[in-house]
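Beneath this line is the structure, given in structure tokens, with notes to follow.
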Amino acid sequence: MQLTDALVGSRVNVRRRVRGETGPTGGPAMSDVIGRVVSVGETTAAVERRNGELVEVRLADIVTVKPVPDGPRRVRTRPALDFSPEEVARICTRGWPPLETEPLGDWVLRAAAGFTSRANSVAVHGDPGVPFAEASARIHDFYSDRGLEPTAQVIVDSVWEKRFADAGWRGVGDAHDYSVLQVVDLRDAITYAREPGDDVGIAGTVDDDWLALYNRAATAYPDAARAVLEGPPTVGFVRIGEPLAAIGRIAVTGEWAGMSCVEVADSHRRQGLGRRVVDASLHWARHRGADKAYLQATRTNAPALALYSRYGFADHYTYRYLRPPAKSSEHVTSR
């Protein structure tokens, strides 16, 4: 089997030669990449692993291509709660991709013209590879160069939360000061999800009506919002009603599905539309190979947390956004 455009969207096992390395028998070294084919170009292809990582494969290095089971037939490898907070944090970045990223050791500096804290903060997980003072200076320079306020997304009760606090960094002080990351295994959640009705649509892009209901995106950051929201290779935008009554977003990166942007118009609340958005999202994700799901919500969003608890979503970890002392960022334009 050859790796061609016809396999885009399919899961495959690609065996490839490793250039410059010798295998145990003296011939070329080989390595396998298992995942979903995202794109095939003239000389390379992109394959998405189970954790959402995109791997570029040179077509000339491919030895064999074999199909692997897809969708609900796949067997779950690890339960969602077995993943460490650091692993899930990296998966979340792939599901909500910023416009710019820059590695800082294991940390990731993220920027998206001010659209959402998730896409405009340094994801703190692992080790920065440099002393904390140098890491802090790099964060400050990265965000000040882009007219953004330096912000760190840290996992609560981690060593880095304490290290930032000792350096004078403090919470942002609004409803987003503490947020929770919840996870569920789709095998369990899907038993509570009804099949979507004919009036539920799932598109591959957003339009102005969708953005208007998701009002945070429609005002100050429409271009950045579209780029972030539509960024993952596999993403769906749920819409119910005409005129639009409810929306949601579901992104599949590898074996994980990230649910977000569930909004119901004020005139249609208390009609079960939020649950129908979640139902449709979970079914859509399962049929695209996901077997685990996550979501991020503020601790103060009790209605949303109550909705998600019906499907078995459970707390994995809490995170918060920290900013440096005012004297360190007073010249930076806040967005």
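Numerical summary
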| item | result |
| --- | --- |
| Checklist (1) crowded, with 22+ Cβ neighbours inside 10 Å; (2) in contact with a Leu (Cβ under 8 Å, 6 or more places away or on another chain) applied to Arg275, failing item | (1) |
| Residue within region 152-165 that is in a loop (DSSP other than H, G, I, E, B), surrounded by fewer than 20 Cβ atoms within 10 Å (Cβ to Cβ) and either touching a Lys or Arg at 6+ places or on another chain (Cβ under 8 Å) or not charged (D, E, K, R) (or both) present | yes |
| Total residues in region 200-229, condition in contact with a Gly (Cβ under 8 Å, 6 or more places away or on another chain) and part of a loop (DSSP other than H, G, I, E, B) | 3 |
| Test: residue in region 71-93 that is touching a Pro at 6+ places or on another chain (Cβ under 6 Å), surrounded by 15 or more Cβ atoms within 10 Å (Cβ to Cβ) and either part of a helix (DSSP H, G or I) or at negative phi (or both) | no |
| Qualifying position, being under 19 Å from Arg323 (Cβ atoms), free of Cβ contacts under 8 Å to residues at least 24 places away in the same chain and outside any strand (DSSP E or B), among Glu149, Glu134 | Glu134 |
| Filtered residue count, region 95-113, keeping only those that are under 25 Å from Val159 (Cβ atoms), surrounded by fewer than 17 Cβ atoms within 10 Å (Cβ to Cβ) and not hydroxyl-bearing (Ser, Thr, Tyr) | 4 |
| Test: residue in region 204-220 that is at pLDDT 95 or above and surrounded by fewer than 21 Cβ atoms within 10 Å (Cβ to Cβ) | yes |
| Qualifying residue in region 273-287 (condition: acidic (Asp, Glu), part of a helix (DSSP H, G or I) and touching a residue at least 40 places away in the same chain (Cβ under 8 Å)) | yes |
| Exclusive hit being under 15 Å from the mean Cα position of the chain (by Cα), of a type outside the set (Ser, Thr, Tyr) and either farther than 18 Å from Leu229 by Cβ or not in a strand (DSSP E or B) (or both), set Val108, Val55 | Val108 |
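The values are calculated or read from the model by the stated rules, or taken from the named source; none is laboratory data. Please read all numbers here as calculations on a predicted model, not as lab measurements. Here the Cβ is made from the backbone with ideal geometry for all residues, glycine too, and neighbour counts use every protein chain on show.
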